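The values are calculated or read from the model by the stated rules, or taken from the named source; none is laboratory data. Values in this document were obtained by computation on a predicted structure and should not be read as measured data. Heads up, the Cβs are rebuilt from the backbone with ideal geometry, glycines too, and the neighbour counts pull from every protein chain shown. Calculation scope for accessible area: heavy atoms of the full protein, side chains included, ligands and nucleic acids excluded. Shrake-Rupley method; radii C 1.70, N 1.55, O 1.52, S 1.80 Å.
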Amino acid sequence: MEERARSCLLRHRDTLQQDIKASYLMDHMVSDNVLTHDEEEKVRAKPTRKEQAVTLIDLVLQKDNRAYISVYNALIRESYGDLASLLQPDLPLISPEAQKSFSDGGTPYVNTTLIEGGVPQRPVVFVTRPPLVNQIREKLYRLQDTTGWVTVFGMAGSGKSVLAAEAVRDEAVIKECFPGGVHWLSIGQLELPGLLVKIQSLCFRLEQTLDSSSQRPPNSIEEAKDRLRYLMLYKYPRSLLILDDIWDGAVLKAFDVQCRVLLTTRDRSLVDSVGGQRFEVHVESGLGHKKALEVLALYVNKKPEDLPDQAYSIVRECKCSPLVVSLIGALLHDFPDRWDYYLRQLKMKQFRRIRKSSSYDYEALDQAMDASITVLQEDYQELYKDFTVVKKDVKVPAKVLSIIWNLELEEVEDMLQEFVNKSLLFRDCTHRPYLYYLHDLQLDFLVEQNRSRLQELHSKVVRQYQQFYREGPPISGDQECLYWFRYLTYHMANAGLTQELYTLIFSLDWIKTKAQLMGPVSVINDYVEHGAILENSEVCKQFLEFLSVNGHHLEQKPFPDVVQLGLSQPVSSRVYQEAQLLAQQQTSSG
Ligand code: ADP
């Protein structure tokens, strides 16, 4: 192995050993003929995942360039995208594979820029769509010397997000048009308070790199817009903001700050509400027959021309939808003899949607989802149902699921890997730890399927949380902890656990920790979001007033004494009473 490659492996061995599951990689390496069966056995004989990873890396270090490249490719295929990008800069260039990956645009410079900007990686199985990518790039070039908007519009699941990410995966585009960087923000269906939280996190991300993160977060949309305008104009000139999946013109207006924006949406008319130069690219519904067949071929490891006749019918049946073809492809990967069976399944049309959105062929998606879920082991099927109650456009860390499922983290990661392999779940590798999410069409399917169980499923989440955190809520501030602070109230509200919701939301301890971790705006959001359930009661108003008046204190460092702030409220206020109770507890515990 070349010195550069070996040194790279050694530099990153700790990270690799920490994260990889050797057995996933070894299948690919054996079929690439860089690992013998004896060596595979030697690795498998180790009792723990970590020891297996250590042994595998030791073996690879003694091998040649081909082994390094094989590991790199296996990491990509198993969606360890961020680990692959660690190895990519030192891929031995003599290999045609490596040359290919560079000519795809993924140079180290591009990778670093995209990772820094949170741009998602390619799906596990990926086919290029050159005409569309070129159209988007051509429009992006129009933003070279001027601010403006490029809209990529088309039906749900047509591949818009993947195309947007692909369009910027190119050194020339970044260097010539957006040397200030590329910043990705997933939007989805948002209410305005949620939007504020999104812009806050974007500003935080942008300011963090500038080392000026001590600024307090903006606490209104107007303020956030001003902050963003300032950042884009003075700190990140000539950068590109990618807004993924916008639904609402009002949301778009918040980004109307004279910068360069690429947005994906189902609604072409949204940009009418903003000013400046506008360009658009229409993504026709599907991949096209040739590309859809290519996806199936990649899943079953064949050339497209060697696919059986049923493949053509499958592609027709699902109207070349990339999402559906990926689901069926993943099934065929595991059961390569089931062409007839899955074609029949797709044709069954047993699902009739209550709510149809545009002309998208939901039935094909429903059939494919149903088929993919049915092949899961029974206990996995049951656990997969818990995704039904994850809020749309929310990404979840494995640790949250390990609490909901009451399973070891490693076991959960294995399960999630299986869902990812079946395209039933997607993994965002730009975050550590990884975050998991469903396409919103898949979530629609789950909600339709489990409509009668929604309350029960939300309750399960709350009960599992309560069981795990019976000694007190998490305070680490990591992704898992943030999930609970953001969404526990949402689960309680939807579980009909009104009493629990009251207790939580009117607790100064909860308010204090949440404000400390996420800022006072997030706390205020809870009251706005659940105002109706809280019957906009007097107590609710008292808390809102307390937060509106003291919000700016709750942004200060060092963090103020919330009990003291509470004690400054009128004696008749529930905030005062809560503070008094806490003060008494503090005195009695010394
Ligand atoms: P949209 O943004 O239009 O809703 P996405 O871009 O999220 O759609 O794509 C939906 C899914 O379709 C992806 O998660 C992926 O599984 C699959 N997909 C999309 N584009 C491609 C592609 N070029 N190659 C392979 N699979 C794709």
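Okay, here's what the table says:
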quantity: Residue count, segment 223-269 (criterion: open to solvent by 60 Å² or more (accessible area, probe 1.4 Å) and among the hydrophobic types (A, V, I, L, M, F, W, C)); calculated: 2
quantity: Residue that is nearest to Leu190 (Cα to Cα) [pool: residues in segment 399-408 that are in contact (Cβ under 8 Å) with a residue 12 or more places away in the chain and open to solvent by 50 Å² or more (accessible area, probe 1.4 Å)]; calculated: Lys399
quantity: Subset of segment 121-163 (residues that are touching an Asp or Glu at 6+ places or on another chain (Cβ under 6 Å), more than 12 Å from Thr264 (Cβ to Cβ) and touching a residue at least 40 places away in the same chain (Cβ under 8 Å)); calculated: Val127
quantity: Failed condition for Ser548, given (1) closer than 22 Å to Lys198 by Cα; (2) among the hydroxyl-bearing types (Ser, Thr, Tyr); (3) open to solvent by 60 Å² or more (accessible area, probe 1.4 Å); (4) at pLDDT 90 or above; calculated: (4)
quantity: Sole residue being hydrophobic (A, V, I, L, M, F, W, C), open to solvent by less than 60 Å² (accessible area, probe 1.4 Å), free of Cβ contacts under 8 Å to residues at least 40 places away in the same chain and away from the ligand (no atom under 16 Å from the Cβ), chosen from Val274, Val173; calculated: Val173
quantity: Residue identified as farther than 18 Å from Ser79 by Cα and modelled with pLDDT under 90 among Glu418, Glu408, Glu448; calculated: Glu448
quantity: Check on Phe279, under 25 Å from the mean Cα position of the chain (by Cα) and either surrounded by 15 or more Cβ atoms within 10 Å (Cβ to Cβ) or within 16 Å of the ligand (Cβ to nearest atom) (or both); calculated: no
quantity: Residues of segment 1-45 that turn out to be part of a loop (DSSP other than H, G, I, E, B) and polar (S, T, N, Q), as a count; calculated: 2
quantity: Positions within segment 371-398 being in contact (Cβ under 8 Å) with a residue 12 or more places away in the chain and assigned to a loop (DSSP other than H, G, I, E, B), in sequence order; calculated: Val375, Leu376, Val390, Lys391, Lys392, Asp393, Val394, Lys395
quantity: Filter pass, Gln200 being at pLDDT below 95 and within 16 Å of the ligand (Cβ to nearest atom); calculated: no
quantity: Selected residue [more than 30 Å from Leu554 (Cβ to Cβ) and open to solvent by less than 10 Å² (accessible area, probe 1.4 Å)] from Val162, Val150; calculated: Val150
quantity: Matching residues in segment 467-489 - criterion: being on the phi > 0 side of the Ramachandran plot and either without any contact (Cβ under 8 Å) to a residue 12 or more places away in the chain or open to solvent by 40 Å² or more (accessible area, probe 1.4 Å) (or both); calculated: Gly472
quantity: Residue that is nearest to Leu383 (Cα to Cα) [pool: residues in segment 445-466 that are open to solvent by 20 Å² or more (accessible area, probe 1.4 Å) and in contact (Cβ under 8 Å) with a residue 40 or more places away in the chain]; calculated: Lys460
quantity: Filter result (outside any helix (DSSP H, G or I) and within 16 Å of the ligand (Cβ to nearest atom)) within segment 427-467; calculated: Arg427, Asp428, Cys429, Thr430, Tyr434, Leu435, Tyr436, Tyr437, Leu438, His439
quantity: Where Ile76 falls short, out of the listed (1) under 25 Å from Glu410 (Cα atoms); (2) among the β-branched types (Val, Ile, Thr); (3) open to solvent by 40 Å² or more (accessible area, probe 1.4 Å); (4) more than 29 Å from the chain's Cα centre (by Cα); calculated: (4)
quantity: Pairs with Cβ under 6 Å, 6+ apart, first in segment 24-49 and farther than 22 Å from Glu418 by Cα, second open to solvent by 60 Å² or more (accessible area, probe 1.4 Å); calculated: Val34/Arg66
quantity: The one condition in (1) in contact (Cβ under 8 Å) with a residue 60 or more places away in the chain; (2) in a helix (DSSP H, G or I); (3) touching a helix residue (DSSP H, G or I) at 6+ places or on another chain (Cβ under 8 Å) that Arg205 fails to fulfil; calculated: (3)
quantity: Cβ pairs under 6 Å, 6+ apart, first in segment 422-435 and over 16 Å from Arg122 (Cβ atoms) and open to solvent by 10 Å² or more (accessible area, probe 1.4 Å), second of a type in the set (S, T, N, Q) and within 15 Å of the ligand (Cβ to nearest atom); calculated: Lys422/Ser372
quantity: Options Leu401, Leu407, Leu424: the member that is away from the ligand (no atom under 16 Å from the Cβ), assigned to a loop (DSSP other than H, G, I, E, B) and aliphatic (A, V, I, L, M); calculated: Leu407
quantity: Residue within segment 320-330 that is open to solvent by less than 30 Å² (accessible area, probe 1.4 Å), more than 30 Å from Leu346 (Cβ to Cβ), within 16 Å of the ligand (Cβ to nearest atom) and out of contact with any helix residue (DSSP H, G or I) (no Cβ under 6 Å at 6 or more places or on another chain) present; calculated: no
quantity: Subset tally (residues that are within 12 Å of the ligand (Cβ to nearest atom) and in contact with a Phe, Trp or Tyr (Cβ under 8 Å, 6 or more places away or on another chain)) for segment 159-170; calculated: 3
quantity: Failed item, numbered, when Val133 is tested on (1) under 20 Å from Ser321 (Cα atoms); (2) modelled with pLDDT under 85; calculated: (2)
quantity: Matching entry among Lys557, Lys512 (being in a loop (DSSP other than H, G, I, E, B), in contact (Cβ under 8 Å) with a residue 12 or more places away in the chain and not aromatic (Phe, Trp, Tyr)); calculated: Lys557
quantity: Odd one out for Tyr341 among (1) within 13 Å of the ligand (Cβ to nearest atom); (2) part of a helix (DSSP H, G or I); (3) without any contact (Cβ under 8 Å) to a residue 60 or more places away in the chain; calculated: (1)
quantity: Test: Arg66 is at pLDDT 90 or above and either closer than 20 Å to Tyr434 by Cβ or open to solvent by 60 Å² or more (accessible area, probe 1.4 Å) (or both); calculated: no
quantity: Which numbered condition Phe178 fails, given (1) under 25 Å from Pro520 (Cα atoms); (2) away from the ligand (no atom under 16 Å from the Cβ); (3) open to solvent by less than 20 Å² (accessible area, probe 1.4 Å); calculated: (1)
